[in-house]
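See structure below.
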Amino acid sequence: MERLYLNNDWYFNDTFAEGMEKTDYNFEEGEKVRIPHTTAETPLHYFDESIYQKIAAYHKTFNVPASWMGKDVFLTFEGVGHSFVVYINGKIAGEHFCGYTALTMNVKELLDYGHNNLIMVKVNSREDQNIPPFGFVIDYMTYGGIYRDVYVEVKEPAHIEDAYVSGDKDGNIRLEISASKEAAGRKLVVSLGELELGTELLANSDESSKAEGENDKGGILRKLLNYAVSGPLLWSPEVPNLYTLKLSLQDEFGVVEDEKEIRFGFRTAEFKEDGFYLNGEKYKIRGLNRHQSYPYVGYAMPKNPQRNDVYILKKELGLNAVRTSHYPQSHHFLEACDEIGLLVFTEIPGWQHIGDESWKLKAIKNTEDMVLQYRNHTSIILWGVRINESVDDDDFYKRTNEAAHRLDPVRQTGGVRCYKKSNLLEDVYTYNDFVHCGDNQGVDKKSDVTSNPAKGYLVTEYMGHMFPTKAFDWEEKRLEDAIRHARVLNDVEKNTDIAGSFGWCMFDYNTHKDFGSGDRICYHGVLDMFRNPKMAAYVYAEMQDAVPVLWISSTMDIGEHPGCNRNETYIFTNADSVKMYKGDTLIKEYVHDSKQFPNLKNPPIKIDDYIGDALKAEKMTPAQERDTKAILNEVAKFGLYQMTTGSKLKAAKLMAFHHMKMTDAVELYNKYIGDWGGESVTYRFEAIKDGKIVKELKIAPMKKVSFEMECDRNVLKEIESYDVACVRIRAVDENNNTLCYYNDPVVLEIEGAAELIGPKITALSGGMGGTYVKSVGKAGKATLTVKDAYGNEMAELEFKIQLEP
């Protein structure tokens, strides 16, 4: 098999007109673009979603060698938003009515061999179509364009159509194979690495009628094969071992006519009454929901930014799972989940609305396409076969559930609902639990929600709209957001019959006018749109052990808080302990306390002491020192007028037995707390792991603003298409602390063999922002410079761009 990517040298016209599909149309008057492409680049916020909704046209010519004659030529569009018609040399080759699954067509009868051929694609990205997810309001923007890869595959008439491989924890391999009818009489050699598993003869007796949901003509050969290997290395998020199964189709003389390689892992995933089991061991799922959108270009990002999101989820946030809300996502993203190790719950497109019968038939087709196109991803453990948060529709959902089980008898099904006691036709009750509102339980009990307690139960969303939080919100709100995430996670862990949870959501995203904060952004993420962490991100990050984490919830600036009372302050860390210094004086060494979050690994640590042993200099009795210290620490957090009854009693005792006066209290407060009216204080923190300092943090009044730029890669490689580096920008002080209220403009300048995605002048938000560096088809170097609003050069990054053959 030969694969040729067709991602370059397209021409885009944002308005389709009759006649554009004809071969004599002068398409070169359009804009020359590369795939992935969006129908309209958008501002970061405050824009009308109608700007990307249009019926547009894409044209491309490509040469078809005469050597392809007599072969099957399959043209694939992996993702086009949201319905489209493909013309080859002026004739319709195929059409598709889903923006999230692929269309593959055998176009051999339409080609002019030995000459250039014209592809024209009519793309409808309007949201008034009678197809999922459309029909009512949607809480995410859907964008448009040819935003995933385009390629042709050239095969001999005798070829492998499809293969589905799954391996379980005991080494059993299940292989479904389908081949063209011309493959009858050929040998199929099946190998696992260097180990040959078997040789099978494909015969006419293998032929079956066309299976519902498969786009084949003239019948195909199908075969179900089973093999076993001993002692395979198992796949898990912790150790994502992958194997390659090789299929070789050979004629009677041993000449290879087609080959196919499939990566897979040996693993057994099962949701049971008492939780989720991976490879026979109980396993708690901890993940977030992810949209596939990016600033400015919506869905249109190539391979590496997709993979970078997996890296962030796994390595930075320490998660073991992701839900691809609310549609199937890029294979590049799923391949990285397979490789890096993330469990995946993927689902059919939709959001609350169920349409008419025509709409439902398209949703059933989407179910079939999702399963057929994604089932070889070992990371996927659950199919979502309901429209997200829709009402019960038993007849409809019997059909989607049946389609998933028919095409994949290995995996279980779920369907996300926001209703209790909903009819459960699937294998797992998947539920969006938004019960937590700050002063109550984190999640509902399984028994209070599910209609069938004997089946598995999974929380698929929490938080989100219950407490939208911006990176530039005031400190106490950002902390409350983080602590609410911790409360929910703690209760999910406590309820042992809950399989796990997916928080809403990974990052902020553009949404429709009916949702969000009025600026077309939904601020529900634990990261901002550029994937910079908000405070809640550290609740997740501190539960992993690979990367040291140390974050303090406060800048210790009392003027940030009502009454200049700093309220609670937390340490987020995965270290064994954290030493807190005031100046150079050790105040206290903190360890993880299980009282507030008894079920969490490395829970947030509440700071309860700003004095340490300093009161010993006052020559007090032990009891007097203890009570005075307790009162001062409480007043430091909550103020004099918020004293608890216990502190008031301690104060009365100090006055009665130790003859202390209010003037004494004020003097001690100013001396040892020293906030209001006193000189600002410097705090230092040392994270200790296995007896060694693994991370340090210093909090002091800032003296200088600097910019820090971090990119996922400095080398861009063009292979199938252009490449993109993701750049995150922070305004920091001299101690590398984010300046959370630095919302000033920044100027971005790029020189060399690359360009920027998005504007050259932008503004940081909450002291953070970002940009994207895009290759332009030239080898060489590029330099990104960031300046402040006054023209001062603040940071610089260099990139190398390589062109791969």
Please go through region 107-139 and pick out each residue that is in contact with a strand residue (DSSP E or B) (Cβ under 8 Å, 6 or more places away or on another chain), modelled with pLDDT of 95 or more and not hydrophobic (A, V, I, L, M, F, W, C). K108, D112, Y113, G114, H115, N116, N117, K122, N124, S125, R126, Q129
Residues of region 642-682 satisfying the condition of being loosely packed, with under 15 Cβ neighbours inside 10 Å, in a loop (DSSP other than H, G, I, E, B) and either at pLDDT below 80 or of a type in the set (F, W, Y) (or both): H659, W676, G677, G678, E679, S680
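With the requirement that a residue be open to solvent by less than 20 Å² (accessible area, probe 1.4 Å) and either touching a helix residue (DSSP H, G or I) at 6+ places or on another chain (Cβ under 7 Å) or of a type in the set (A, V, I, L, M) (or both), what does region 769-794 give you?
V773, A782, L784, V786, listed by residue number.
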May I ask you to list the residues in region 732-758 that are within 19 Å of K534 (Cβ to Cβ), assigned to a loop (DSSP other than H, G, I, E, B) and polar (S, T, N, Q)? N736, N737, N743
Q544 versus (1) on the phi < 0 side of the Ramachandran plot; (2) modelled with pLDDT of 95 or more; (3) not acidic (D, E): which is the lone unmet condition? (2)
Under 6 Å by Cβ, and 6 or more places apart or on different chains, what pairs join a residue from region 405-434 that is at positive phi with one that is surrounded by fewer than 24 Cβ atoms within 10 Å (Cβ to Cβ)? K421/S451
Count - residues of region 768-784 that are within 28 Å of the chain's Cα centre (by Cα) and within 17 Å of C711 (Cα to Cα): 9
Of the residues S554, S577, which is touching a residue at least 40 places away in the same chain (Cβ under 8 Å) and under 30 Å from A763 (Cα atoms)? S554
Since K22 meets every condition but one in (1) over 24 Å from D128 (Cα atoms); (2) more than 34 Å from the chain's Cα centre (by Cα); (3) free of Cβ contacts under 8 Å to residues at least 24 places away in the same chain, which condition does it not meet? (3)
Give the residue, chosen from F266, F276, that is in contact with a Pro (Cβ under 6 Å, 6 or more places away or on another chain), touching a residue at least 12 places away in the same chain (Cβ under 8 Å) and within 23 Å of G456 (Cβ to Cβ). F266
Working only within region 290-335, note down all residues that are under 16 Å from N532 (Cα atoms), polar (S, T, N, Q) and outside any loop (DSSP other than H, G, I, E, B). Q306, N308
Between a residue in region 739-760 that is touching a residue at least 60 places away in the same chain (Cβ under 8 Å) and closer than 20 Å to K800 by Cα and any residue that is part of a strand (DSSP E or B) and open to solvent by 20 Å² or more (accessible area, probe 1.4 Å), which pairs come within a Cβ distance under 9 Å, given they are 6 or more apart or on different chains? I757/K774
Restricting region 701-744 to residues that are among the aromatic types (F, W, Y) and over 27 Å from W10 (Cα atoms), which is least open to solvent (accessible area, probe 1.4 Å)? F707
Test: residue in region 402-425 that is part of a helix (DSSP H, G or I) and farther than 23 Å from F276 by Cα: yes
Just checking, does region 210-231 include any residue being at pLDDT below 95, open to solvent by 70 Å² or more (accessible area, probe 1.4 Å) and among the β-branched types (V, I, T)? no
If we keep just the residues of region 260-279 that are assigned to a strand (DSSP E or B) and acidic (D, E), which is nearest to L249 (Cα to Cα)? E261
Counted residues, region 795-805 - those being surrounded by 14 or more Cβ atoms within 10 Å (Cβ to Cβ) and either without any contact (Cβ under 8 Å) to a residue 12 or more places away in the chain or of a type in the set (V, I, T) (or both): 1
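Would you check if V635 is part of a helix (DSSP H, G or I), touching a helix residue (DSSP H, G or I) at 6+ places or on another chain (Cβ under 8 Å) and open to solvent by 10 Å² or more (accessible area, probe 1.4 Å)? Walk me through how you get there before you give the answer.
Values: part of a helix (DSSP H, G or I): yes; touching a helix residue (DSSP H, G or I) at 6+ places or on another chain (Cβ under 8 Å): yes; open to solvent by 10 Å² or more (accessible area, probe 1.4 Å): yes.
The answer is yes for V635.
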What number of residues within region 390-401 are surrounded by fewer than 20 Cβ atoms within 10 Å (Cβ to Cβ) and either part of a loop (DSSP other than H, G, I, E, B) or modelled with pLDDT under 95 (or both)? 3
Residue check, D168 surrounded by fewer than 20 Cβ atoms within 10 Å (Cβ to Cβ), of a type in the set (D, E) and farther than 30 Å from R222 by Cβ: no
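So, of the residues in region 512-534 that are among the charged types (D, E, K, R) and surrounded by fewer than 20 Cβ atoms within 10 Å (Cβ to Cβ), which turns out to be modelled with the highest pLDDT?
D519
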Could you look through region 689-699, keep only residues that are over 31 Å from the mean Cα position of the chain (by Cα) and part of a strand (DSSP E or B), and pick out the one that is farthest from D609 (Cα to Cα)? K692
Residues of region 535-592 being among the β-branched types (V, I, T), open to solvent by 10 Å² or more (accessible area, probe 1.4 Å) and outside any strand (DSSP E or B), in sequence order, are V547, V549, T555, I558
1 or more residues without any contact (Cβ under 8 Å) to a residue 60 or more places away in the chain, closer than 30 Å to L234 by Cβ and charged (D, E, K, R): qualifying strands (runs of 3 or more DSSP E) within region 96-207: 160-167, 172-180, 195-201
Where residues in region 416-435 are more than 22 Å from the chain's Cα centre (by Cα), modelled with pLDDT of 95 or more and open to solvent by 10 Å² or more (accessible area, probe 1.4 Å), which of them is nearest to T400 (Cα to Cα)? L425
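Given the criteria open to solvent by less than 20 Å² (accessible area, probe 1.4 Å) and either within 23 Å of V547 (Cβ to Cβ) or at pLDDT below 95 (or both), does G766 qualify?
So G766 passes the test.
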Scan K108, K32, K60, K71 and give me the residue that is out of contact with any Phe, Trp or Tyr (no Cβ under 9 Å at 6 or more places or on another chain), over 30 Å from C522 (Cα atoms) and open to solvent by 10 Å² or more (accessible area, probe 1.4 Å). K71
D444 fails exactly one of the following numbered conditions: (1) modelled with pLDDT of 95 or more; (2) surrounded by fewer than 16 Cβ atoms within 10 Å (Cβ to Cβ); (3) under 20 Å from F502 (Cα atoms). What is the number of that condition? (2)
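The values are calculated or read from the model by the stated rules, or taken from the named source; none is laboratory data. Small disclaimer: the values here were computed from a predicted structure and weren't measured. Note that each Cβ is placed from the backbone with ideal geometry, even for glycine, and that neighbours are counted across all protein chains shown. Side chains are part of the model used for accessible areas, which takes the heavy atoms of the whole protein and leaves out ligands, DNA and RNA. Shrake-Rupley method; radii C 1.70, N 1.55, O 1.52, S 1.80 Å.
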